[in-house]
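The values are calculated or read from the model by the stated rules, or taken from the named source; none is laboratory data. Every value quoted in this text rests on a predicted model; they were computed, and no experiment measured them. Glycine gets a Cβ as well: all are built from the backbone with ideal geometry, and neighbour counts include every protein chain shown.
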Amino acid sequence: MPVLFDFTGAITAGGRSSRFGSDKALAVLRGRPLLRHVADSLGGCSVRLIVAPAGKYALEGWETVPDTRPGEGPLAGLEAALTHAPPGWLAFTGVDLPGLTPAFWAALAASRTPHSRAVLPLDPEGRPQPLAALYHRDLLPHIQTLLDAGERRLRLACPAGQSVHVGGLSEALWNVNTPAELARYIDPGP
Ligand SMILES: Nc1nc2c(ncn2[C@@H]2O[C@H](COP(=O)(O)OP(=O)(O)OP(=O)(O)O)[C@@H](O)[C@H]2O)c(=O)[nH]1
Ligand SMILES: [Mg+2]
């Protein structure tokens, strides 16, 4: 895919899939693993990072970066991604949001403002979804301070006054945590 985006792409993939029961990144939906769906949405990024143990996923064109704090959750995954990212903006997501598309990321990018440092879509309940969002690398010291203090909530990655929220994108945000949730989205056969 040609470079379309002026931001880095990052997928955090260091979770245990304990609710799913097997590695959900590799679960197949409509002929492709969930991880592939997410990666394809970010194929237009020139720098593409996956935060995971070395050798765990073979994703051509993606650089694997190790967790800085393994097993400490997606906020630590964001720290690892921002640590390896060039200056500027990072699209950050997980392995389990297969409804994401290039158009979704383009809409978030279009909502950046000169003073914002994160752009988050609103879910169907109107809550910001921090696991499919844009973050600026300037947030790295703030995130490191949070983690050092024991904080693990991804939604605190950006101070409230520096976040932009975007409505109208919730259709892209369906999330797969269990096999039953995946089954709901698999097309019925003929
Ligand atoms: N790099 C990294 N990513 C993580 C970590 N924990 C969770 N994630 C990722 O964050 C995303 C969302 O997390 P969850 O939906 O809770 O996934 P999970 O932790 O694998 O699943 P559960 O064990 O069922 O909670 C997924 O892409 C996970 O792979 C971690 O410690 N490090
Ligand atoms: Mg989890």
Check your understanding: Between a first residue in segment 5-25 that is within 14 Å of Pro53 (Cβ to Cβ) and of a type outside the set (A, V, I, L, M, F, W, C) and a second residue that is assigned to a loop (DSSP other than H, G, I, E, B) and within 7 Å of ligand 1 (Cβ to nearest atom), which pairs have beta carbons less than 7 Å apart while being 6 or more apart in sequence or on different chains?
Key -> Gly14/Ala52; Gly14/Asp67; Gly14/Pro70; Asp23/Ser17
Practice item. Looking only at segment 30-42, decide whether some residue is over 13 Å from the mean Cα position of the chain (by Cα), surrounded by 14 or more Cβ atoms within 10 Å (Cβ to Cβ), within 15 Å of ligand 2 (Cβ to nearest atom) and not charged (D, E, K, R). Key: no
Exercise for review: Report, by residue number, each residue of segment 73-124 that is under 14 Å from Phe5 (Cβ atoms) and in a helix (DSSP H, G or I).
Suggested key: Pro102, Ala103, Phe104, Trp105, Ala106, Ala107, Leu108, Ala109, Ala110
Exercise for review: Kindly indicate the residue of segment 176-190 that is at pLDDT below 95 and either assigned to a loop (DSSP other than H, G, I, E, B) or among the aromatic types (Phe, Trp, Tyr) (or both) and also farthest from Ser22 (Cα to Cα) among those meeting that condition.
Suggested key: Pro190
Check your understanding: Which of the residues belonging to segment 1-30 are assigned to a loop (DSSP other than H, G, I, E, B) and either basic (Lys, Arg) or at pLDDT below 95 (or both)?
Key -> Met1, Pro2, Val3, Leu4, Arg16, Arg19, Arg30
